[in-house]
1. If I filter the stretch 463-478 down to residues being within 13 Å of Ile421 (Cβ to Cβ) and within 15 Å of ligand 1 (Cβ to nearest atom), which single residue comes out as surrounded by the fewest Cβ atoms within 10 Å (Cβ to Cβ)?
2. Search the stretch 393-429 for residues being under 17 Å from Ile180 (Cα atoms) and charged (D, E, K, R), and hand back the single one that is nearest to ligand 2 (Cβ to nearest atom).
3. Please pick out the residue among Glu427, Glu351, Glu448, Glu420 that is at pLDDT 95 or above, surrounded by fewer than 20 Cβ atoms within 10 Å (Cβ to Cβ) and more than 30 Å from Ala330 (Cβ to Cβ).
4. Name the residue that is nearest to Val229 (Cα to Cα), counting only residues in the stretch 301-336 that are of a type in the set (Val, Ile, Thr) and at pLDDT 95 or above.
5. Quick one: in the stretch 483-499, of everything that is within 15 Å of ligand 2 (Cβ to nearest atom) and surrounded by 19 or more Cβ atoms within 10 Å (Cβ to Cβ), which residue is farthest from Glu407 (Cα to Cα)?
6. On the given criteria, is Glu349 within 13 Å of Ala291 (Cα to Cα), of a type outside the set (A, V, I, L, M, F, W, C) and in contact (Cβ under 8 Å) with a residue 60 or more places away in the chain?
7. For the stretch 275-285, which residues satisfy the criterion of being free of Cβ contacts under 8 Å to residues at least 12 places away in the same chain and either more than 48 Å from the chain's Cα centre (by Cα) or part of a loop (DSSP other than H, G, I, E, B) (or both)?
8. Can you tell me which residue within the stretch 166-182, out of those that are surrounded by 20 or more Cβ atoms within 10 Å (Cβ to Cβ) and among the small types (Gly, Ala, Ser), is nearest to ligand 1 (Cβ to nearest atom)?
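The values are calculated or read from the model by the stated rules, or taken from the named source; none is laboratory data. All values derive from a computational prediction rather than experimental measurement. Glycine also receives a Cβ, built like all others from the backbone with ideal geometry; neighbour counts cover every protein chain displayed.
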Amino acid sequence: MATSTQQAIPVLVLKEGTTRTTGKDARRSNIMAARIIAETLATSLGPRGMDKLLVDSFGNATITGDGASILKEMDVQHPAAKTLVEVAKAQDDEVGDGTTSVVVLAGELLKNAEELLDENLHPTVIIDGYEKAAEYALKVIDEVGQEIDPLDRNTLKKIAKTALASKVVSEYKDFLSDLIVDAALQVIEKTNTGKYKLDIDNIKIEKKRGEAIDETKLVKGIVLDKEVVHPDMPRRVEKAKIALLNTPLEIEKPEWSAKINVTNPEQLRAFLDQETELLRDMVMKIKKTGANVVIAQKGIDDVAQHFLAKEGILAVRRVKKSDMEKLARATGARIVTSVDDLSPEDLGEAELVEERKVADEKMVFIEGCKDPKAVTILIRGGAEHIVDEAERAIHDALCVIRNIINEPKVVAGGGAIEIEIARRLREFSKTLGSKEQLAVEKYAEAIEFIPSILAQNAGIEPIDALVELRSLHEKGEIWSGVNVLKGKISNLFEEGVLEPTLVKKQTIKSATEAAVMILRIDDVIAAAPPKEKGKEGGSSPGGGYPGSYY
Ligand code: ADP
Ligand code: MG
């Protein structure tokens, strides 16, 4: 068939059903989505923030006030909003705290950017201004941050307490921060550069529902969620000598099947006896080293169990590799790959190895280790979600302690550092050209949103708080902030509301990055959602981006 060259031919670049939003529209809908996320989290900020009850599609409930956890459970759909979720997650992985602040700050930066867009400022100018402001803010934090002694228990406790203040389990923050700091100082290591290092993987977290949070214990050793393998073995061994094996106490089956012709019962017995003999040999070799506890990463054969029990050795099998490594660090044992290699020097030591019932389940405690380089925190709590939240809180506080040990410098929280940053940014903005100046001023305004939300969540009039704080900071009172627990403005450094500079800097970096990333987008091209099976006839209307997300 001949086609006339005159006829317009539709040019299909994108697949049918693809939606596209560009320019201002794209930017506005992205900003809107991000702001909705930020507004949701704002009411959770700080020790007086509210908690959220989140129910997943299986009906499991989580109660938390932790930004990263809320977002994880929220199942956000909008792509721009998802960016914020990702950033919060990255912040959580990186520094373990400040996740709510990141999202709230990013949301406020975007809200202010929208105002600048309305004044016809080009996004590039806004982005430049924001990036300059962030860089300056990082400098301010470095400048005003106070060095601390990373081994000073008292300061570390204050920092842990600040991190725990905004958690559901904050009622126990005194008790928990003691425990966390003890755990951290126990496993801290000096590097060859003379600095200190904390690897929080050396603090094992076990949890068992039951009792109350104040029954949570720091065990100077390792707790295994395991049982002693054989009923005839001792349940309690004092002055334990521990062998860590990552070889099975079994006769390994050959890879190919072999056929043995047995012609009479004696031959069969002889064959079986030989197997038994091999296992007995293994056990005797272990016994000879002086070991009275065996912890195996692999299996232990029934016959081997029997011999171990006969020798009065307590044994546990199929222990995770990571736990084996922690056991080695806690007891000073060396993990051995063959029983033949085991020597008395390879054994670790513990005051006591004991199987105990915890909430109707058996656990094995390897405790009373001498200067252990790995320890366990055994969390208790009345309900599943309390235990889970306690775990998250302890993990975050441990991260914060790790941060302060990496960079032993603090600032005061409660919005004190934010007000100081804003004040100095306003001065800095005067050195810039007029358009960038606007962007930097808006950045300063956005960062003041943190103290203002903290005040609001504590029932303090935010405008009054800001006015008072600004004037105090003008007079050089750089640690004045919102004392949310006492409901007034005060010197938060003196109150001991301390936070690592590392966390604050990461918060600024992540929030700025997220805002800039969203501002840079001027074109959203979304593929049509996949057609549902059995429903021929195109995508459902409104199934694409962006209409259906909010
Ligand atoms: P994030 O997820 O950002 O850490 P939080 O809910 O933990 O959010 O709140 C952190 C904010 O609460 C920080 O700005 C911190 O300085 C502030 N904060 C913590 N304890 C206090 C306190 N006792 N008084 C005032 N502010 C506090
Ligand atoms: Mg926090």
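1. Of the residues in the stretch 463-478, the ones within 13 Å of Ile421 (Cβ to Cβ) are 469-470, 473, 478.
Still in the list and also within 15 Å of ligand 1 (Cβ to nearest atom): 469, 478.
On the way: Leu469: 27, Ile478: 20.
Among them, the one singled out is Ile478.
2. Within the stretch 393-429, the match that is nearest to ligand 2 (Cβ to nearest atom) is Asp396.
3. Numbers: Glu351 fails: more than 30 Å from Ala330 (Cβ to Cβ); Glu448 fails: surrounded by fewer than 20 Cβ atoms within 10 Å (Cβ to Cβ); Glu420 fails: surrounded by fewer than 20 Cβ atoms within 10 Å (Cβ to Cβ).
None of the others qualify; the one that does is Glu427.
4. Taking the stretch 301-336 first, the residues of a type in the set (Val, Ile, Thr) are 303, 313, 316, 319, 331, 335-336.
Imposing the further condition that a residue be at pLDDT 95 or above reduces the set to 313, 316, 319, 331, 335-336.
Values: Ile313: 11, Val316: 6, Val319: 12, Thr331: 21, Ile335: 20, Val336: 20 Å.
Result: Val316.
5. The initial filter retains those residues of the stretch 483-499 that are within 15 Å of ligand 2 (Cβ to nearest atom), namely 484-485, 492, 497-499.
Now restrict to residues that are surrounded by 19 or more Cβ atoms within 10 Å (Cβ to Cβ): 484, 492, 497-499.
Numbers: Val484: 27, Leu492: 20, Val497: 17, Leu498: 14, Glu499: 11 Å.
Out of the qualifying residues, it is Val484.
6. Details: within 13 Å of Ala291 (Cα to Cα): yes; of a type outside the set (A, V, I, L, M, F, W, C): yes; in contact (Cβ under 8 Å) with a residue 60 or more places away in the chain: yes.
Judged against the criteria, Glu349 is a match.
7. Matches in the stretch 275-285: Glu277 only.
8. Ser166
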